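Below: one structure, written as C-alpha cells.
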Amino acid sequence: MAIELTLDETALTGGAATPWAAVSCLSLFTFLLMGLEFLPVSLLTPIARDLSVSEGQAGMAITVSGAFAVATSLFGSAFLATIDRRTVVLLYTAVFVASSLAVALAPNFIVLLVGRALVGIAIGGFWSLSTAIPARLASSGDLAKAIALLQGGTAFALVLAAPLGSFLGGLIGWRDTFLVTVPIGVAALVWQLLVVPSMPATATVSAAKMLGLLRDRTFAIGMAATGLALIGQNALAAVTASLLVIWGFFSTPIPVAWNAWMADIVPGELEAAGGLQVALIQLAIAGSAFAGGMLFDAAGWWSTFLLAACLLAGSAVVAALASRRA
C-alpha cells in the first residue's frame, strides 16, 4: 500500500519511523544537482574550444543555470502547486537527466545553454522543496538529521565536482564527463520511484507569498544572516581550491543550521521559505564570486579573506539577533 503524507503531518506523527532510504536517495540527487551545477567550472577551456566560443562565453553555462534556478525557485512551486510532491521530485530528476544528455550531445553552444537552463530548473525547483520534504518525511526527533543527510550531498558535490570534472575531462573528454551523470541520474530516478512516498500537495505557494514572509521580522533577520554567511562562504571558496576539503567541513553546517532554523520558525510555510532561500543562495553565489574575484585581482588574496571574515562575522551577529527574537 502506498504511503501518503499530507502537510498536516509536517513531521511523521508519534514514533513513526523515518524512511531513511527516501532521505538517502534524495541526498544522492542533491549531490548530482550540485555536482552538475559546478561541473563546467573545470571544463570551460575544452568546451570553449570544441564549440568555437571564448572561455568568457563558455562561462555563461554557469550563469544560465543560476538564472533559471532563481526563476524556478520563485515560480516553480506555484506552477506545480496541485501536483503530488513525489511526482514533482521525479519530474525534476527527469529534467536533470535531460540536461546532462543535452549538454553531452550539444552540436552547438545554444543547445548547451538550453541543457544548462534545464539543470537550473531542476536545481531551483528541487532545492525550493529541500526543507519541506525532509520535514514531511522525518519524525520530529529525526528532522535535523534528515536535513543534515540531505545537505551532505551538497557538501560532497562542492568538494568533488571541480576536481573530479577536471580529472574526467582529461581522461575521457568533457562530453563523456557529462554523459557519465546520465545513468547515475536514471538510477536515482528508479530509486526514487521505489522508496519516496506520496506527498500530496496541500499548500499554495506564490512569489508574493514568499516575499510576504519577510514581513515577519525574525524571518527577515534570519534571511539576512543567511545571505551574509553564503556570500562570505562563497567569496572565500573561490580562492581556496587547495583547502576545499577543510573548507567544506567547516562550511557545510551553515545550510544545515539555517534549514533546521527555518523548519522551526515557519513550519507551515516551508515551500515558500525554501523558494526564497534558493533565490537568495543563487544570488549570493553570483555576487560573492564577482566581489571575491574583483578584490583578488585588485588587492591580492588577503583582501578576499578579509571580506569573507567580515561577512561571516556580520552573519553571526545578525543570527544572534534572529535567535533572540525567535
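FYI, it's all coordinate maths here, none of it is from the lab. If you're wondering where the values come from, they're calculated on a predicted model, not measured in any experiment. Heads up, the Cβs are rebuilt from the backbone with ideal geometry, glycines too, and the neighbour counts pull from every protein chain shown.
Points to keep in mind about this one:
- The stretch between LEU90 and VAL41, if pulled fully straight at 0.36 nm per residue, gains 15.0 nm over its current Cα-Cα span.
- Note on the chain: Rg/Rh from C-alpha atoms, Kirkwood Rh, equals 0.96.
- Inter-label distance for SER140 and LEU179, nm, one decimal - labels placed 7 Å from Cα along Cα-to-Cβ: 5.2 nm
- The distance between label points at ALA81 and THR202 comes to 1.7 nm (points 7 Å beyond Cα on the Cα→Cβ vector).
- Taking every alpha-carbon pair under 8 Å whose residues sit at least 6 apart, the chain reaches a relative contact order of 29 percent.
- Amide H contacts of SER139 (H built 1.01 Å from N, in plane; Pro and chain starts excluded): LEU12, THR18 sit under 5 Å, all sequence-distant by 5 or more or on other chains.
- Spin-label pair ASP264/ARG215, simplified geometry with 7 Å Cα→Cβ offset, distance in nm: 2.6 nm
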